[in-house]
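Notes to accompany the following structure.
The values are calculated or read from the model by the stated rules, or taken from the named source; none is laboratory data. A quick note: this is a predicted structure, and the numbers were derived from the prediction, not measured. Cβ placement follows ideal geometry from the backbone for every residue including glycine, while neighbour counts extend to all protein chains displayed. Ligands, DNA and RNA are excluded from the accessible area calculation, which covers all protein heavy atoms including side chains. Shrake-Rupley method; radii C 1.70, N 1.55, O 1.52, S 1.80 Å.
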Amino acid sequence: MAIGVLAFQGSFNEHIAALRRVGVKGVEIRKPEQLENVAALIIPGGESTTMAKLAELNNMFPALREFVKMGKPVWGTCAGLIFLANKVIGQKTGGQELVGGLDCTVHRNFFGSQIQSFEEEIPVPYIADKEGGPLGFRALFIRAPAILEVGSEVEVLAEVPIPDKVKNSDMIKEIQEVNLESVNKVAVAVKQGNLLGTSFHPELTADSRWHLYFIKMVNDLREETMTDTESETSSSIIKAGDLNSLQDTKIELPIYS
Ligand code: GLN
């Protein structure tokens, strides 16, 4: 069983390479029927308005919504997180179509424009607990969105302080939908059942823990829904390679290590 990566625009190749680094096959998805052949889906980062237009042109939205509703695991990174959010603020005029399902409010360009992109070591106690490794994760925020509000079913997996530059910006003062006055931190990674969302780009770093965690989510959800025969053969379980044995795997650029 492979993991699909929505491949209209953005960092889909990098996600496929990141999956390959942990020994899992990723396949490009550009047509609704291709979703039938994958166990899970990654919606990559890129530019959400453009990606939404291309997805719409290819009639992907009904199939993507159905995939989410069926309880199949979907991970949205950056623009992909925007796709999954139930509510998005800071959209371009006219807005954009969303897949939805993730009960949260996302601000599309919360951390500023392209030149305000940054990298930061963020605390990831949840991932360190599940996947081992250091408590910090070197996160790349590229014209990144932030998660400003979450519903009661949503678990926050990582958060960051709001940078002073953002706190003092006109953009933040113009946000009316959410009261951010007393808030010092925003969420940058969340999980709700079969859905995972991250504001940053783990596919651009050599640290594979988010991909390994998503694969674990895929297998856990599949085990819950598998028939006895399927679980006896365990044919539909995705096996990630052992990280130690994968350490010598060639890392394709561009990767931040
Ligand atoms: N903020 C961007 C958007 O609106 C997403 C940026 C990214 O995916 N790196 O699409």
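One table, with the values for the structure above:
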| read-out | value |
| --- | --- |
| Every residue from segment 151-192 that is hydrophobic (A, V, I, L, M, F, W, C), in a strand (DSSP E or B) and surrounded by fewer than 18 Cβ atoms within 10 Å (Cβ to Cβ) | VAL156 |
| Scope segment 190-208; condition of a type in the set (D, E, K, R) and within 13 Å of the chain's Cα centre (by Cα); matching residues | LYS191, GLU203 |
| Tabulated pairs, segment 99-115, first in contact (Cβ under 8 Å) with a residue 12 or more places away in the chain and of a type in the set (Ser, Thr, Tyr), second open to solvent by 10 Å² or more (accessible area, probe 1.4 Å) and assigned to a loop (DSSP other than H, G, I, E, B), C-beta under 8 angstrom, 6+ apart or interchain | THR105/GLU177; THR105/VAL178; SER113/ARG143 |
| Selected residue (criterion: most open to solvent (accessible area, probe 1.4 Å)) from residues of segment 13-40 that are under 15 Å from GLU66 (Cα atoms) and part of a helix (DSSP H, G or I) | GLU36 |
| Pairs with Cβ under 6 Å, 6+ apart, first in segment 68-86 and closer than 14 Å to PHE214 by Cα, second modelled with pLDDT under 95 | PRO73/LEU221 |
| Count of segment 1-12 residues which are assigned to a loop (DSSP other than H, G, I, E, B), open to solvent by 20 Å² or more (accessible area, probe 1.4 Å) and more than 12 Å from ILE215 (Cα to Cα) | 3 |
| ALA55 vs. criteria within 16 Å of the ligand (Cβ to nearest atom) and more than 14 Å from the chain's Cα centre (by Cα) | yes |
| All positions within segment 85-108 that are among the basic types (Lys, Arg) and under 15 Å from the mean Cα position of the chain (by Cα) | ARG108 |
| Residue count for segment 29-52, restricted to those that are acidic (Asp, Glu), more than 16 Å from the ligand (Cβ to nearest atom) and in contact with a Gly (Cβ under 8 Å, 6 or more places away or on another chain) | 0 |
